[in-house]
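Reading through the structure tokens given below for one structure.
Readers should treat all values here as calculations from the given coordinates under stated rules, not as data from a laboratory. These figures come from a predicted structure and were not determined experimentally. Virtual Cβ from ideal backbone geometry, glycine too; neighbours counted across all protein chains shown.
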């Protein structure tokens, strides 16, 4: 049991190290890339990029913007119940997928220094997300794990949980 726990901790630390290193490297080159290109350049966002493509939002998120994206990682998508992502990627669920993804986007470039001054923000989907800065930064039930990844058409803040609008 102790060996399994030790292996789990080792894998978790390596995963966090990779994500942090990738995000750090992405931070420096991403100001030349748009939101989709920036996300696509980091393997930790492959599920998000696949979802954006399936939802037909690539062109929108490559437009002038600016946009603020609260971007869930692959690990965040993995927290959803089994089969959820696969179901959302089906063509017949495109409207639901669009609603979920646009719930992660705020019009305008909202940097971390601005986010901490807010208690809520209206998303492109039309609903508000709640912002809590009492213990770190949370957007609804998601922790913000990395901030201010600059892109040429906005900013990305990394979150550890997929946030879901009321449907």
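Using the structure shown, decide if residue 124 is within 19 Å of residue 97 (Cβ to Cβ) and in contact with a strand residue (DSSP E or B) (Cβ under 9 Å, 6 or more places away or on another chain). It would help to see each step written out before you state the result.
Numbers: within 19 Å of residue 97 (Cβ to Cβ): yes; in contact with a strand residue (DSSP E or B) (Cβ under 9 Å, 6 or more places away or on another chain): yes.
So residue 124 passes the test.
Go through the stretch 65-142 and tell me which helices (runs of 4 or more DSSP H), entirely inside it, have 3 or more residues that are out of contact with any helix residue (DSSP H, G or I) (no Cβ under 8 Å at 6 or more places or on another chain). Let's see the steps before the verdict.
On the way: elements: 74-78, 84-88, 94-102, 112-115.
Fully inside the stretch 65-142 and qualifying: 94-102, 112-115.
Looking only at the stretch 58-95, filter to residues that are within 17 Å of the chain's Cα centre (by Cα), touching a residue at least 40 places away in the same chain (Cβ under 8 Å) and surrounded by fewer than 20 Cβ atoms within 10 Å (Cβ to Cβ); which one of those is nearest to residue 162 (Cα to Cα)?
Ranking the candidates gives 77 first.
Can you tell me which residue within the stretch 106-126, out of those that are surrounded by 14 or more Cβ atoms within 10 Å (Cβ to Cβ) and closer than 17 Å to residue 165 by Cα, is nearest to the chain's Cα centre (by Cα)?
106
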